[in-house]
Structure formats: C-alpha cells, structure tokens
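The values are calculated or read from the model by the stated rules, or taken from the named source; none is laboratory data. These numbers were taken from a predicted model, which means no experiment stands behind them. As a convention, Cβ positions derive from the backbone with ideal geometry for all residues, glycine included, and neighbour counts pool all protein chains shown. Remember, those area values only see protein heavy atoms, side chains included, never the ligands or the DNA or RNA. Shrake-Rupley method; radii C 1.70, N 1.55, O 1.52, S 1.80 Å.
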Amino acid sequence: MKTKRIIMIIAIILVIVLIGLVGYTIYQKATFTKQNPVATIEIEGLGTMKIELYPDQAPNTVANFITLANRGFYDGLTFHRIVKDFMVQGGDKDGTGSGAPTLSAIKDDGSTTETYAIKGEFVQNGFNKNTLRHEKGVISMARSDYSQMGLYEEGYNSAGSQFFIMTGDNASLNGYYAAFGKVIEGMDVLDKLNETEVTTSEDSSDSEASTPVNPPVIKSVRVDTFGVDYGAPETVTPFDYNSYIQQLYSGMSN
C-alpha cells in the first residue's frame, strides 16, 4: 500500500514537471523575438560600420547579401562610385560598375563564368512588402536601368552584388530600388566616405563627378545571423544588354 502511494506521488510529480516544461516551451515560442542579422563592413583606413539587415522587408535580397558576404566575395573590393550627399556604391568585382557576380560566388558548385541576378524586391516590381525608405544610412541594391528603351522588367531584375549606402535622403528612389538595411553603428565612417575626393570619369556619359581618386577599399564584410539560416538566394538569368542591341540593329539592317 505504501509502495503504491509512493509511485502515485512520483507519477503526479512527473506530470506536474511535464506540464511545466510544456508551458515553458509555449511561453518561449510566444515571447521569442528573432534578432535581425547584422553586417559588419570594415573599410581600410576609415573604420567599421554595422548595418542591421531587414529580411522582413527584402528576404531574398538579404539572403543574397549574407551569402556573398560570408563567402568572402566583398573582401578587397572598393567603393567605385561616390556622389556627395547622395550615396556611396560598391560591391563590383571589376571595380568599374559594370561587373556582375558569377554563380560560384554563392554556391560551391556554381559556374565561374555564368553570371546571375536577383529579382528586385520593391513596389514598382510588384513586391509590396518593402516599405523601407531611402534615407541617410539605408543600404540598397544597385541595378541597371533600361527604362528609356521601354525595358522595365529587365532593369528591375538586374541586381547582383553591387550595393549602395545613402549619404543623404532621396525619396525618388523609394519603390524603385530594393532597400534592405540601415547603418546602426559607424555613421561617422559613412560621413568620411561621403567626403572622398572624386573626379569625372573620362569614359562615363554621366558628367557628375563620382569616380574616387583613391577608391576606398572594403577590407571585409561579414554578417552575424545569430544562428538563423536564411538559405541560398533565388536567382534569375540576367538580361544580356549587348546581345539585345546586336539583335536590334541586326533586325533593323535586314
């Protein structure tokens, strides 16, 4: 009789403990707040910026940036275009503004010659979740613009690895470019980038001085995901502008 009573007490205690564990687990899930990933960009001679990324605003754009950064793609590249009080642009492996990443930059078995792009996560491209405004400190993806030729979608879905960080507010970009994060530390470093000496490029159709005399070097970019796996980015085949022009003029001459 005494043994049965002891067993019953132990059983009751186990049930109480189990209920407590289940309740605690439910409480943890209900109160858990996922930490946004944070990118650390170290710039030679200037310092370090920390940028909070917003996967709720532009999930595939964030996944692409994280993958490139943590695979070392940006290490040693430069800010090749700087427009004072507007933005600083970098992330081009060629350092000219015309380079594009290959699939090998985001996957071990990716092609070293085949380039890729990602779809633009912004309102004009039919993506309505991104409400991040292009204000000072916001990071956004650079892309091509073929709108003068009536090729809107081709330009909207042309971002690859190049990004820009706003050094001033510019509402005209809102809804047309995929903003995906904001500087949370190191705004003084961004101000230093903004003051970089620039000149007008001889081979550029843009008369605005935007080519750094000594392009600032990105020593490294790494993203802390706080244990969250954001996966590999979804890619698209980039628009081949040169082939398009050749076919266009070939058709006109026939």
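The value obtained for the range 60-117, namely the Cα convex hull volume divided by the number of residues, is 97 Å³ per residue. The GNM of the chain, with springs linking C-alpha atoms under 10 angstrom apart, assigns the highest mean-square fluctuation among Lys182, Lys129, Lys34 to Lys34. When a 1.4 Å probe is rolled over the protein heavy atoms, the share of accessible surface on the chain that falls to carbon and sulfur comes to 52 percent. Assuming charge only on the beta carbon of Lys and Arg (+1) and of Asp and Glu (-1), the dipole of the range 139-222 about its Cα centre is about 440 debye to the nearest 20. Each Cα pair under 8 Å and six or more residues apart adds its sequence gap; the mean of these over the residue count of the range 26-165 is a relative contact order of 19 percent. Translational diffusion of the range 103-179 was estimated from the Stokes-Einstein equation, with Rh taken as the Kirkwood radius over Cα pairs; at 25 °C and 0.890 mPa s the coefficient is 183 µm²/s. The residues of the chain expose, per residue, 57 Å² of accessible area to a 1.4 Å probe.
Over the chain, DSSP H runs of length four or greater, each weighted -39,500 (n - 2.57), average out per residue to a 222 nm ellipticity of -8500 deg cm²/dmol. Computing mean projected area of the Cα convex hull in nm² directly from the structure and comparing it against (i) 20.5; (ii) 13.5; (iii) 15.6 singles out (i). Since only Val189, Leu18, Ala69 are under comparison, the one whose Cα sits farthest along the positive direction of the charge dipole of the chain, derived from C-beta charges on Lys, Arg, Asp and Glu, is Leu18.
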